[in-house]
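Working notes, structure below.
The values are calculated or read from the model by the stated rules, or taken from the named source; none is laboratory data. Here the structure is a predicted model, which means the values were calculated and not measured. As a convention, Cβ positions derive from the backbone with ideal geometry for all residues, glycine included, and neighbour counts pool all protein chains shown. Keep in mind that these areas ignore ligands, DNA and RNA; they rest on the heavy atoms of the full protein, side chains included. Shrake-Rupley method; radii C 1.70, N 1.55, O 1.52, S 1.80 Å.
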Amino acid sequence: RAQEKWLIYFKDIIFSWFVEYPNLLIKQFCPQNKSDPQRPTPNSFEIFLLCLKRAVKQQYVSFKSFFISTIVVFFIIGNAIASLSGGNLNVLGGYPPDICLKQYPQLRATCLDLQQNSYTNALQFSGFILIASAAAISASTFGKEQTIYWREAASNLNTPAYFFAKVFADIPICFLSALSVTAGFSTGFISPMPFPQLLAGYILYTIFGFLSGYFLSFLLPYSSVALAGVGWAVFWSLLMGGTTIVMSDNRESRWFWTLSLGRWVNEAFFYGTTVYPYEKVRQGPEKGQDLFDMNRRKQTLLFFLTYGEAAGYGALVCLIFLFINLFVITATKLDKKK
C-alpha cells in the first residue's frame, strides 16, 4: 500500500507539472472566450482599452494629488539628493609621468590614474534613491488589486492586455517623475554633462524602478514591497553598479552585470561627466590633444562605451525586465486563477 500511495503521489506531481500547469499557463496567455450572440465577448484590444480606462481612473483621481505626488515630491527628492551630494564636484587627473616614475613600482599605476571623480559617486547614489522611490510608488499598481485580478483572471481575463494597460497608465507618472527629480537635482548639481543626458539617465532609472515595484508586488505582500525595494535598489544600483564592485575583479561572473541597469547608466554617466569633457581638450588652440589619461580607469571599471551606446543597453535591460514582469504575473499563482 505504501508503494501504491507513492505511485499515486508521483502521478499527481507529473500531471500537475506537465498537464495541469501548462494548460493553466496557456489559458492565461491565450484565454478561450466563448462567443455569445446575446453578449459579445470583447477581443484582446478591447479588453486592453477597457482596462486602460479603468487604470487611468484609478491613478489620476484629481489633478491636485497627481501634481503633489508626482511633481512636487520628486522635485523635493531631487533637490535633497543634490544637497546630500555636496558641492565642489570635480574630476582630477593623474600626476605627470615624470613624477610618478619616481614612486615605488606598486604606486605608479595609482599615481597615473584619476585622483578624483566625485561625479560618479553622486550620480550612483541618486540612482539608488530614484529606484527605491519609484519601486515604492509603483507597488500599488498591481499590489493593491491582486484579489480582483485573480477573480477576473479566473473569468478568462486576458492577462497580457490587463498588464500592458496598467503599465501604459503609469507612463505619464513615470516620465514626469523623472523630469521633476532631474529638475530638482539640477538646482544643486553642476557638471559638464548636458541636461538632456542627465534626464535620459534618470528616465531609465525611473522606468527600472517602476518595473522593480511591479516585480516585487507579484512575489511579495504589498506591505513588504517598499522595504524590499530598498534592498533591491541597493543591489542593482550600488552593488551591481560597476563602480563599488568592479567587473575587472570578477571576470567569471561579469555576465551578470549585463542585466544591471545601474552598470549601464553609470557607464553612460561616466562618459558624459568624465570621459568626454576631460579625456581630450575640447576647445581652444590645443583642441583634440590629450588632457587626462583615462585608460587605467576604463580598464578597471571596464567602461569603454559612449553615452548613447551605454544608454541603449540600459533601455534593452528595461525591456527585458518588462517581459519578465509579464511572464511572472502570468505564470505565478495559477491556483488562484482557476
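Scan region 302-314 for residues that are open to solvent by 10 Å² or more (accessible area, probe 1.4 Å), touching a residue at least 60 places away in the same chain (Cβ under 8 Å) and aromatic (Phe, Trp, Tyr) and the total you get is 1.
Listed here are the residues, each with its yes/no results for (1) closer than 16 Å to Gly93 by Cα; (2) assigned to a loop (DSSP other than H, G, I, E, B).
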{"site": "Phe256", "(1), (2)": "no, no"}
{"site": "Tyr276", "(1), (2)": "yes, no"}
{"site": "Arg297", "(1), (2)": "yes, no"}
{"site": "Phe303", "(1), (2)": "no, yes"}
{"site": "Leu316", "(1), (2)": "no, no"}
{"site": "Leu319", "(1), (2)": "no, no"}
{"site": "Asn325", "(1), (2)": "no, no"}
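For region 67-110, filtering for residues that are under 15 Å from Phe185 (Cα atoms), open to solvent by less than 80 Å² (accessible area, probe 1.4 Å) and out of contact with any helix residue (DSSP H, G or I) (no Cβ under 6 Å at 6 or more places or on another chain) leaves 5.
Just one of the numbered conditions (1) part of a helix (DSSP H, G or I); (2) under 28 Å from Gln116 (Cα atoms); (3) without any contact (Cβ under 8 Å) to a residue 12 or more places away in the chain; (4) not small (Gly, Ala, Ser) is not true of Pro285: (1). Return the pair list, or none, for Cβ contacts closer than 8 Å from residues in region 157-181 that are touching a residue at least 60 places away in the same chain (Cβ under 8 Å) and open to solvent by 10 Å² or more (accessible area, probe 1.4 Å) to residues that are among the charged types (D, E, K, R) and not in a helix (DSSP H, G or I), at least 6 apart or on different chains. Close Cβ pairs (under 8 Å, with a partner that is among the charged types (D, E, K, R) and not in a helix (DSSP H, G or I)) do not exist here.
Here's the yes/no breakdown for (1) touching a strand residue (DSSP E or B) at 6+ places or on another chain (Cβ under 8 Å); (2) hydroxyl-bearing (Ser, Thr, Tyr):
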| site | (1), (2) |
| --- | --- |
| Gln59 | no, no |
| Ser83 | no, yes |
| Gln103 | no, no |
| Cys111 | no, no |
| Asn117 | yes, no |
| Ile129 | no, no |
| Ala136 | no, no |
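Scanning region 120-153 for residues that are closer than 14 Å to Gly213 by Cα and among the aromatic types (Phe, Trp, Tyr) yields Phe128, Phe142. The listed residues are Ile68, Ile47, Ile81, and the only one of them that is part of a helix (DSSP H, G or I), at pLDDT 65 or above, closer than 30 Å to Tyr271 by Cα and among the aliphatic types (A, V, I, L, M) turns out to be Ile81.
Summed over region 125-156, the residues that are modelled with pLDDT under 90, open to solvent by less than 10 Å² (accessible area, probe 1.4 Å) and more than 18 Å from Gln58 (Cα to Cα) give a count of 1.
One residue alone among Phe292, Phe270 is open to solvent by less than 70 Å² (accessible area, probe 1.4 Å), farther than 19 Å from Phe128 by Cα and either at pLDDT 85 or above or assigned to a loop (DSSP other than H, G, I, E, B) (or both), and that residue is Phe292. Taking every residue in region 317-335 that is at pLDDT below 95 and pairing it with any residue that is of a type in the set (Val, Ile, Thr) and surrounded by 14 or more Cβ atoms within 10 Å (Cβ to Cβ), at least 6 positions away or on another chain, the pairs with Cβ-Cβ distances below 6 Å are Thr330/Thr159.
Residue pairs whose Cβ atoms lie under 8 Å apart, sitting 6 or more positions apart in sequence or on different chains, and linking a residue in region 192-218 that is at negative phi to a partner that is surrounded by fewer than 22 Cβ atoms within 10 Å (Cβ to Cβ) and not in a helix (DSSP H, G or I), are Leu198/Ser191; Phe218/Thr332. Of all the criteria given as (1) in contact with a Leu (Cβ under 9 Å, 6 or more places away or on another chain); (2) open to solvent by 20 Å² or more (accessible area, probe 1.4 Å); (3) closer than 29 Å to Thr274 by Cα, the one not satisfied by Val317 is (2).
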